[in-house]
Amino acid sequence: MIQTTTTPAASVAGHPLDHVEDMVRRSGTSFYWAMRFLPVEKRRAMFAVYAFCREVDDIADEPGLIDDKRRALQDWRDEIGRVYAGNAAHPVSTALRGPVERFGLRRADFLAVIDGMEMDAAPCIRINDMAELHLYCDRVACAVGRLSVRIFGIPEPDGDLLSAALGEALQLTNILRDLKEDAARDRLYLPSDLLRAHGIGSIGDAEAVLRHGGISAVCEEIAAIAGRRFAEAAAIAGRCDRKLVRPAVIMMQVYRRTFDRMAERGWRRWAEPVSVSRAEKLWVALRYGMV
């Protein structure tokens, strides 16, 4: 059974929905502002999904033995089962119960997110090929998108198409942005077959891989995929109801600014950080939230 991790603030609030909103607010991410433009029921549903993702992501990222992490993630698989059985116990999964029923959220998408976190939980991460990279992106990003578009009310097939395109664009942006930080933790998400194609034959040392002269060409290829996926996402969003797709557009615009700045900086200087300030994220939220 998963032990509850309710904070003192959430205990005072006394309701799982207050708990998950507090988690999102304290996270300081652009997600909070993007979702503030949703009607209250949809907003609370998205906060519950975010809180679930935060719980399982923390299991993958925090220090610990891989077997302990796998057991904790299996506990969450079991807890998701209890959500659908109507007897969830954890504050986050309790908050998910209403959204699951109201918006028809699919159990398979929650389980896909957990599978993605299990990939991230490994002490050493290497991606074999582009197929595995696409699978990783689908689990950690696109699956979250599939949950989200059902809450937004974007009808199929456009909802799932948008999830696939935008989820991959966002995750590839994360990968390119976090190369140095990930390598320091022995995580390398650039596919091994692509590294070899650019003359990087040994991938034992993640930081050494990034020092290889061919790494800029690898980044350019990944960036080209991300750029195409951003364009596809924008085209799909453009044919959706603007009110329904508004939160996804805000997230896309924030991430697109990070991506464009990395591209302008150039991939030979991949280690130089780029950022979007909190003030600019808020401006984006207001600009696209009012459309």
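We did not get these values from a lab; they are worked out from the coordinates using the rules stated. Since this is a predicted model, take the numbers as computed values, not measurements. Note: ideal-geometry Cβ built from the backbone for every residue, glycine included; neighbour counts use all protein chains shown.
Some notes on this structure:
- A crude spin-label estimate for the pair R242 and R265, with each label 7 Å from Cα along the Cβ direction, gives 3.3 nm.
- Overall, the chain carries a charge dipole of about 1120 debye about its Cα centre when +1 sits on the Cβ of Lys and Arg and -1 on the Cβ of Asp and Glu, all other atoms neutral.
- Length-normalised contact order of the chain in % [C-alpha pairs under 8 Å, at least 6 apart]: 18 percent
- Distance between the pseudo-spin-label points of D57 and A235 (7 Å out from Cα toward the beta carbon): 2.9 nm.
- When shorter helices are ignored and each DSSP H run of at least 4 residues is given -39500 (n - 2.57), the per-residue value for the chain at 222 nm works out to -23000 deg cm²/dmol.
- In this Cβ point-charge picture (+1 for Lys and Arg, -1 for Asp and Glu), region 67-194 has a dipole of about 420 debye about its Cα centre.
- Among V144, M251, I222 the positive-end extreme of the charge dipole of the chain (Cβ point charges): M251
- Farthest towards the positive end of the charge dipole of the chain, among the residues G238, A89, Y50, is the Cα of G238, using unit charges on the Cβ of Lys, Arg, Asp and Glu.
- Residues V276, V40, V92, sorted so that the one with the fewest Cβ neighbours within 10 Å comes first: V40, V276, V92
- Packing-based order for 132-145, 159-172, 93-106, 189-202, using average beta carbon neighbours within 10 Å, highest first: 159-172, 132-145, 93-106, 189-202
- Prolate/oblate/rounded call for region 178-291, Cα gyration tensor, a/c under 1.5 rounded: prolate
- Shape class of the chain from the Cα gyration tensor (axes a ≥ b ≥ c, square roots of the eigenvalues): oblate, since a/c reaches 1.5 or more and a/b does not exceed b/c.
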